[in-house]
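Take a look at the structure below.
The values are calculated or read from the model by the stated rules, or taken from the named source; none is laboratory data. Computed from a predicted structure; not experimentally measured. Note that we place each Cβ from the backbone using ideal geometry, even for glycine, and neighbour counts take in every protein chain shown.
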């Protein structure tokens with residue numbers, strides 16, 4: 001547990017918080033028929049911490065199997081390590097997850113990887129699956145919502161449109177202060193956008 | 001600028017997320033660009049012929065750039081474009097509407113009337129009657145032809 005805690009808190013030098021590793025398998029997609037195997041974890045990048053956490057869980061599982069006749073339960077060391085990740089990492093890296101698309105995507109993948117691993121470690125850990133998937137998907141959805149708002153505000157009121165508005169105002173001044181009609185304003189905005197190569 | 005932002009974010013997602021999650025996430029970002037542009041165009045009450053050409057040009061460029069941001073695994077080059085459009089339809093809720101509005105501005109009343117007689121199929125599916133009426137009224141001046149198209153819409 002001490003090893004797990006220092007690993008999750010980024011104190012373990014073998015797996016710094018920002019490091020990523022590739023996990024999973026290449027899943028071939030058959031055209032028109034979807035994916036080949038739904039039960040394989042698709043190849044993607046996850047936090048190095050997440051991979052180490054799974055390794056620690058496997059170690060703990062083996063240790064428990066050696067010293068106990070019972071099957072691992074929901075109160076076993078493995079589940080506690082997984083719960084520790086779920087509680088500490090979102091707090092520890094909250095700023096990066098909220099602001100960096102790459103870090104957020106890696107965190108999302110890590111959560112899905114741990115959800116998948118928790119079930120493959122032991123089917124009795126199934127209760128952890130939805131909480132991990134929700135954690136990862138919510139983080140990515142929040143980031144996407146934030147980025148969407150930013151994109152919308154840039155497209156609606158960004159530099160290019162402001163330039164066009166300034167152009168419209170400039171022309172209005174030249175015309176003796178008379179205001180342009182909405183149609184003329186619209187044409188100027190579109191003209192400005194077209195001059196930039198069709199990228200608004 | 002919007003597309004530039006989408007491509008910058010999608011580049012960060014590119015090697016990290018798997019194709020399914022990547023296309024789903026980038027599709028939502030593309031929708032933000034499509035939505036903002038559609039809002040401007042749908043609000044216009046009077047659009048000249050010159051503006052129509054510009055809108056068509058912009059919509060084509062932005063639409064193409066959006067589609068190219070999505071990942072498409074297709075081995076056959078002749079089917080690539082079709083597959084890309086299919087993926088855009090699946091992941092962007094505004095793609096069809098954006099495409100239809102862009103194409104609308106390349107049409108004259110005869111073509112619109114013909115499309116309506118033929119049923120239009122997928123083309124008009126994404127636009128409501130009110131939206132179509134608004135576009136026709138903003139783009140074409142009062143005429144018998146326009147009245148016929150508007151009547152056919154009801």
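Those residues that are exposed (fewer than 15 other Cβ atoms within 10 Å of the Cβ), more than 17 Å from residue B:4 (Cα to Cα) and more than 9 Å from chain A (Cβ to nearest Cβ), I need them from the stretch B:44-75; list them, please. Correct list: B:49 only. Checking B:55, B:85, B:112 one by one, the residue that is at negative phi, in contact (Cβ under 8 Å) with a residue 24 or more places away in the chain and under 14 Å from the mean Cα position of the chain (by Cα) is B:55 and no other.
Return the only residue of B:29, B:17 being touching a helix residue (DSSP H, G or I) at 6+ places or on another chain (Cβ under 9 Å), part of a loop (DSSP other than H, G, I, E, B), at the interface with another protein chain (Cβ under 10 Å from one of its Cβ atoms) and at pLDDT 85 or above. Reasoning before the result, please.
Working: B:29 fails: part of a loop (DSSP other than H, G, I, E, B).
Result of the check over B:29, B:17: B:17.
Do the conditions hold for residue A:111, that is, is it surrounded by fewer than 23 Cβ atoms within 10 Å (Cβ to Cβ), in contact (Cβ under 8 Å) with a residue 12 or more places away in the chain and either within 12 Å of another protein chain (Cβ to nearest Cβ) or closer than 18 Å to residue A:44 by Cα (or both)? Judged against the criteria, residue A:111 is not a match.
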